[in-house]
Amino acid sequence: MTAIAPRFGPQLIRLLLVTAVLTVGLLGALAGTASAHAALTGSDPKDGAVVDVAPREVTLTFSEQIAMGDDSIRVLDPSSERVDVAKMQDLSQGGTVRYAVGLKPGLPDGTYTVAWQAVSADSHPVSGAFTFSVGAPSATTATVPDQEAGGGLVGTLYDMVRYISYAGFILLVGGAAFVLACWQRGASVRPLQRLVVGGWVTLTAATLVLLLLRTPYTGSGKLGDMFDLGGLSDVLDTKTGAALVSRLLLLGAAALFIAVLFGAYAKRVTEAESESEQDGEGNAEAGKAKADLAFGLSLGGTVVAAGIAGTWALSEHASTGIQTGLAMPLDVLHLLAVAAWLGGLVSLLVALYRVPDLERAAVRRFSRIAFTSVVVLAVTGVYQSWRQVGSWDAWTDTSYGQLLLVKIGLIAVLLGAAWFSRRWTGLLGEDAKNAEAGAEADAEAGVEAGVKVGVKAGVDVAEETAEEDVAEAGTAADPERAAQLARQRTALATARKKRDRDADTERSGLRRSVLIEACVALVVLAVTTALTGTEPGRTQEKEVSRTGTEAAAPAPARPVNLTEPFDTGGTKGKGTLRLTIDPARPGTNLMHVWIDGPDGKPMDVPEVKVAYTLKSQQIGPLPVVPERLAAGHWSAGNVQIPMPGDWHLQVTVRTSDIDQTTIEKNVKIG
């Protein structure tokens, strides 16, 4: 394998080092600006509220779907002791995402802290905290960790490994596409083989590390928890965990693809080239076998590459928000276009520096593929920008829009460098034509020159022939010496090709412009990685709109919370009834009923019935039959209350075939 051209070696090393430092710095700076998709949009009690009586539970409402565990909501008293009890309850219904956790009875006055942590639908962790007070604010409040979910050392490592995984995907897919579509002889070229295999190894290793980091990334934030098998089991049950496992399985298929590409296919290409020197049936058969194998590899490789790209589309921004059915396929297409362009660019750079005899036709074919990829990127990028940004103001008022502007500016620089590359590619083609057109003139001049140098050439040929005869005579009985001479001849031939390549001005210019493209692409990839971890502008504006609306609107009616003991008179007939009606105003309401035994644990009973009556207007009774959700827990999600007023509530609890009781209370609606 030849060394990098001396003329550009130091420049290459310095430029790549500077680019790497800038990229890592950019990743570190952008990691602090990244925020996730879902956000807390409401709570009961509200942040900073002062209530007269301690609530029986704390309710949190989110902007979009999230994944939460039993320990995701913690309520701490002023001395930092936990006062939440039982498991978290999912009260989500329709488009409302709501969770609640019960509190211990008889909480004393003071300020309480609610700390929560969850995983957004686009795989990023979210967390936060707020306070409320019972009676009056206390002098001291509980403290919660300042570090947000997904932050710290674990968050930085996770972001860097995500960047590396994108880079591995680009090298794997783009390098293989360059070989199949632009330079088939590259299948037997060692530097390109190392590039594609390196991309596969990088993506596989990064995917495994991401899978292990998910537990501390979305949970404790402690790096040591990445080897927690229980946490890993929980990760595998999530959407992101399933996507990472699917990616590993697809990479297994990609390994088979690489083996065929650099094995059987490389052999077919070599056979076809050797047969091309001969005419006849053998040449046609070799060409057909190579074409059939190339078609199969192209089809299978496209399916595998699209599947790997789909693991990102299914677990990140494309899978949430509006028009997901269209956004996910376009996101896959966007990723494939990026890989074909940038991965092919790196492959071209490697070939220009490490392969002396890269054909001009391969460069021109890649130029056409790069142009097509840019068109696809423009179309899909415009759609994704509209979908994620949402408005013109969001371009400058949200972190997502600002990052997107940076990415667009970098792509403009990248396209400028690509324009110079296309120009150098055109000059390569013109050189080929000029060389062919001047062949006849050179031949005529060569006749005259040959007369002058013929004698010298004859002497040189005679000397070389004599030297070869001596060498052959000397090595006939020495195989080791013969092998050494063969290696020397190969090295001399390679050095001659390298010298001719370095003397090609157009090829040197193309190498420089492609190198600049590759360095800018590294920074573009860093910004893209940061974008995938940043809350889209449309969602940020939605949160601001919701916050403003809530601030301007009058305070809504408070939910009804009812707690009453009961005794049906039979065996195990004593317990406590807890009922909530939310939002306790005319229209559709959500009702939950809990039955607790004397020990405070959930108590299952055969039947619970509820009825509402507005005696002042002679409305009712309106029966409600709640649905059993779990032991001791019933719910009804479409309780219609026609008008405000003091409604008479009747709750019938049956603990056996003959033992039941009815609890009656008046509740205020609206």
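The values are calculated or read from the model by the stated rules, or taken from the named source; none is laboratory data. Every value quoted in this text rests on a predicted model; they were computed, and no experiment measured them. Methodologically, a virtual Cβ is constructed for each residue, glycine included, from the backbone with ideal geometry; neighbour enumeration extends over all protein chains shown. Side chains are part of the model used for accessible areas, which takes the heavy atoms of the whole protein and leaves out ligands, DNA and RNA. Shrake-Rupley method; radii C 1.70, N 1.55, O 1.52, S 1.80 Å.
Below are the figures for this structure:
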item: Accessible surface, 1.4 Å probe, highest first, among residues R487, R365; result: R487, R365
item: Förster-model FRET efficiency, 25 Å R0, L326 and V260, C-beta, rounded to 0.05; result: 0.15
item: Pairs of Cα atoms farther than 19 Å apart, region 578-670, %; result: 39 percent
item: Gained length - W386 relative to D47, 0.36 nm times residue gap less alpha-carbon distance; result: 118.7 nm
item: Directionally averaged shadow of region 156-226, computed from the convex hull of its alpha-carbon atoms, nm²; result: 4.9 nm²
item: Estimated FRET transfer efficiency when R0 is 45 angstrom, pair T238-R368 (beta carbons, to 0.05); result: 0.60
item: Stokes-Einstein D in µm²/s, Kirkwood radius over Cα pairs - region 231-275 at 25 °C with 0.890 mPa s viscosity; result: 191 µm²/s
item: Highest-first arrangement of 252-264, 298-310, 560-572, where packing means the average Cβ count within 10 Å; result: 298-310, 252-264, 560-572
item: Inter-label distance, nm, simple model (7 Å from Cα along the C-beta direction), K572/V625; result: 2.4 nm
item: Built amide H within the under 5 Å cut-off of Q93, gap 5+; result: R98
item: Calculated diffusion of region 585-631, Stokes-Einstein form, Kirkwood radius summed over Cα pairs, 4 °C and 1.567 mPa s, µm²/s; result: 100 µm²/s
item: Kirkwood Rh in Å, taken over all unlike Cα pairs in region 154-306; result: 17.3 Å
item: Linear extension gain, V413 paired with S274, 0.36 nm per residue minus alpha-carbon span; result: 45.8 nm
item: Under the Karplus curve 6.51 cos²θ - 1.76 cosθ + 1.60, θ = phi - 60°, whole-Hz ³J(HN,Hα) for region 247-256, x wherever Gly or Pro sits; result: 5, 4, 5, 5, 5, x, 5, 5, 4, 5
item: Check: region 166-320 dipole with +1 on Lys, Arg Cβ and -1 on Asp, Glu Cβ, in debye; result: 420 debye
item: q = 0.12, 0.28 Å⁻¹, region 52-114: log10 I(q)/I(0) [Debye, one scatterer per Cα]; result: -0.31, -1.23
item: Label-point separation, V201 to R487 (7 Å along Cα→Cβ), nm; result: 2.4 nm
